[in-house]
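**Student:** Right, I'll just put the structure down here and ask away after.
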Amino acid sequence: GPPISKICCIGAGYVGGPTMSVIALKCPEVQVTIVDVSKERISQWNSDKLPIYEPGLEEIVKKCRGKNLFFSTDAKKAIQEAEIIFISVNTPTKTSGNGKGRAADLKHVEGCARLIAGIATSCKIVVEKSTVPVKAAESIMQVLKANNKQGVRYSILSNPEFLAEGTAIENLINPDRVLIGGEETPEGQKAIETLCWIYNKWIPKEKILTTNTWSSELSKLAANAMLAQRISSINSLSAVCEATGADVSEVGRAIGLDSRIGSKFLQASVGFGGSCFQKDLLNLVYICEKLNLPEVAQYWQKVIDMNEYQKTRFSQKIIECLFNTVSEKRLTIFGFAFKKNTGDTRETPAITVCKNLLDEGAKLNIYDPKVEKSQIIADLTSTRVTDNPEEVKKSIEIFTDPYDAVVGTHAIVICTEWDEFIEMDYDRIYKLMIKPAYLFDGRKIVNHEELQNVGFHVITIGKKLNRPGLMRSVGSISQQ
Ligand code: NAI
């Protein structure tokens, strides 16, 4: 029979949910159970409205749920029965104590290790799927071993997840690579082979990379650090473009054709967001400091600093263009998610932009096609954004129709690159707004020339636009 019949995943979040759904889809003979401490999350996974939005996810869950895919709060049963246990819990930045604001908080991962050690009565392969600092596997092993029962042995593998939100299912079905790190002992190698058997059900052997545990752990931090660095690099150049008349899109295209550089991830924007880039960079910075490598730490810290600069620079530009005051002015925010095709708002640049505008006294109409109203309110009234949540609540209004959101506003600020913003009826929108009507494109997605012809003053990132929206007024004068 198959080497594996049951697997369990602890953590039913953005990673655990999609990864295990795809494993269930591709390995029909394996029973997959995802457990979570949150009863609410589990009941959402078992309902018609899944707790997270990812294109293609719902179809897979509906196909496999109740057959070989289960969502449960009964961790004990699932752990006891499984041969492989994935740990996909959150590893947020510590908010207090040693390494506050930088180090990864491994309390949930440690909790999983203790949970497994307390329950397991047979040998287990424990897979680190969560993003962790280098050498985390060693700590997990210590916890497991210290609580060992007779005859129970553990193998720990590092198997970081490289999926990107918004394209998670596509990335899982056809990944660039799968990385598995393990011990260089016969037992470690056997565990690697077992996990390979799962992935090999749909991923060719050439794409499955095996390394030692520490390389695998560090590769995940390194990949996110380099991706974030690329965004900060092009964003830093966008500031040079705005000051000189160069166009960052043209620069991006020109340098991207160099095969050593490559064309992807060279789009300038308001800045990166999401739960991972900043957290993993901070984690890397902290590790480097701990390893007494201050120059390396400072190098990666600059990637975060540049991102903060970009978000603030964009917000400042909005305020300056609106005659240096947005006090009591109503503005429309288009998009609140940290990127398109997700409802996730963790570390979204929209929060920073909204905060800066609210601090200046602006009123905001906010529209996002996928983010829940309650989430936007929670984000903007959190203590990180304001010490006066009641005041913020009075200053923001959340809309479900973008055309309602623009009525009587001075400006539109595009914070997320949702496709629907490209195709909207901007003639209709222009008519509904106060004049002069401004559009700030923080994602460089709309057709600036067309919008200028409609009458908008258009401001974007990395390019100085020449004719700041005079066409309509000139046109109407000549008609009279
Ligand atoms: P998440 O916050 O969406 O999900 C984590 C889940 O774990 C939550 O539902 C939480 O209730 C549950 N949990 C926490 N402690 C638990 C425990 N002791 N027992 C049972 N359940 C527990 O987090 P997300 O985004 O899925 O991230 C998980 C890990 O994967 C993190 O380390 C993250 O850095 C990493 N990662 C995230 C990616 C992303 O795009 N979100 C991509 C690649 C890696």
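The values are calculated or read from the model by the stated rules, or taken from the named source; none is laboratory data. What you are looking at is a predicted structure, and each value in this text was computed from that prediction instead of being measured. Note that we place each Cβ from the backbone using ideal geometry, even for glycine, and neighbour counts take in every protein chain shown.
**Student:** If you check LEU172, LEU179, LEU195, which single one turns out to be away from the ligand (no atom under 13 Å from the Cβ) and buried (at least 20 other Cβ atoms within 10 Å of the Cβ)? Explain how you work it out, then say what you get.
**Tutor:** On the way: LEU172 fails: away from the ligand (no atom under 13 Å from the Cβ); LEU179 fails: away from the ligand (no atom under 13 Å from the Cβ).
Only one candidate qualifies: LEU195.
**Student:** Return yes or no: is VAL296 at pLDDT 95 or above, touching a Cys at 6+ places or on another chain (Cβ under 6 Å) and of a type in the set (A, V, I, L, M, F, W, C)? Don't jump to the end; show me each part of the working.
**Tutor:** Numbers: at pLDDT 95 or above: yes; touching a Cys at 6+ places or on another chain (Cβ under 6 Å): yes; of a type in the set (A, V, I, L, M, F, W, C): yes.
Yes, satisfied.
**Student:** Is it the case, given these coordinates, that GLU187 is within 16 Å of the ligand (Cβ to nearest atom) and either in contact (Cβ under 8 Å) with a residue 12 or more places away in the chain or in a strand (DSSP E or B) (or both)?
**Tutor:** It is false that GLU187 is within 16 Å of the ligand (Cβ to nearest atom) and either in contact (Cβ under 8 Å) with a residue 12 or more places away in the chain or in a strand (DSSP E or B) (or both).
**Student:** Looking at PRO160 and the list (1) within 16 Å of the ligand (Cβ to nearest atom); (2) surrounded by fewer than 21 Cβ atoms within 10 Å (Cβ to Cβ); (3) part of a loop (DSSP other than H, G, I, E, B), which single condition is not satisfied?
**Tutor:** Every listed condition holds for PRO160 apart from (2).
**Student:** If we only count strands (runs of 3 or more DSSP E) wholly inside region 342-457, which ones have 3 or more residues that are out of contact with any Gly (no Cβ under 9 Å at 6 or more places or on another chain), farther than 30 Å from ASP247 by Cα and in the same structural domain as ARG330 (by TED's automatic domain parsing)?
**Tutor:** Correct list: 396-399.
**Student:** Please specify each residue of region 1-52 satisfying the condition of being basic (Lys, Arg) and more than 7 Å from the ligand (Cβ to nearest atom).
**Tutor:** The first filter runs over region 1-52 and keeps only residues basic (Lys, Arg), leaving 6, 26, 39, 41, 49.
LYS6, LYS26, LYS39, LYS49, listed by residue number.
**Student:** Keeping to region 107-146, report how many residues are within 26 Å of the chain's Cα centre (by Cα), farther than 11 Å from SER158 by Cβ and surrounded by fewer than 20 Cβ atoms within 10 Å (Cβ to Cβ).
**Tutor:** 4
**Student:** Same structure, new question: Looking at this structure, is SER88 touching a Gly at 6+ places or on another chain (Cβ under 8 Å), at pLDDT 95 or above and within 11 Å of the ligand (Cβ to nearest atom)?
**Tutor:** Numbers: touching a Gly at 6+ places or on another chain (Cβ under 8 Å): yes; at pLDDT 95 or above: yes; within 11 Å of the ligand (Cβ to nearest atom): yes.
Yes: the conditions hold for SER88.
**Student:** Residues that are touching a helix residue (DSSP H, G or I) at 6+ places or on another chain (Cβ under 6 Å) and either surrounded by fewer than 20 Cβ atoms within 10 Å (Cβ to Cβ) or aliphatic (A, V, I, L, M) (or both): find the helices (runs of 4 or more DSSP H) completely inside region 1-106 holding 3 or more of those.
**Tutor:** Values: elements: 16-26, 39-45, 57-64, 75-81.
Fully inside region 1-106 and qualifying: 16-26, 57-64, 75-81.
**Student:** If the requirement is being part of a helix (DSSP H, G or I) and farther than 30 Å from ILE140 by Cα, which of these qualifies: LYS279, LYS317, LYS264? Outline the logic, then answer.
**Tutor:** Values: LYS279 fails: farther than 30 Å from ILE140 by Cα; LYS264 fails: part of a helix (DSSP H, G or I).
Only one candidate passes the filter, namely LYS317.
**Student:** So, one more: Scan region 243-256 residue by residue and report those that are surrounded by fewer than 20 Cβ atoms within 10 Å (Cβ to Cβ) and either part of a loop (DSSP other than H, G, I, E, B) or touching a helix residue (DSSP H, G or I) at 6+ places or on another chain (Cβ under 8 Å) (or both). Working first, answer last.
**Tutor:** Keep residues of region 243-256 that are surrounded by fewer than 20 Cβ atoms within 10 Å (Cβ to Cβ), which gives 243-247, 249-251, 253-256.
Scanning region 243-256 gives GLY245, ALA246, ASP247, VAL251.
**Student:** I'm trying to understand the selection: among the residues of region 59-73, which are within 20 Å of ILE4 (Cβ to Cβ) and within 14 Å of the ligand (Cβ to nearest atom)?
**Tutor:** Within region 59-73, PHE71, SER72 qualify.
**Student:** Then there is this: Name the one entry in GLY262, GLY245 that is in contact (Cβ under 8 Å) with a residue 40 or more places away in the chain, farther than 30 Å from LEU25 by Cα and not basic (Lys, Arg). Before you say what the answer is, go through the steps one by one.
**Tutor:** Details: GLY262 fails: in contact (Cβ under 8 Å) with a residue 40 or more places away in the chain.
It is GLY245.
**Student:** Could you list, in sequence order, the residues of region 86-105 that are within 19 Å of the chain's Cα centre (by Cα) and free of Cβ contacts under 8 Å to residues at least 60 places away in the same chain?
**Tutor:** Selection gives LYS94, ASP105.
**Student:** Okay, moving on. Tally time: how many residues in region 257-289 are buried (at least 16 other Cβ atoms within 10 Å of the Cβ), more than 12 Å from the ligand (Cβ to nearest atom) and among the hydroxyl-bearing types (Ser, Thr, Tyr)?
**Tutor:** So the answer is 2.
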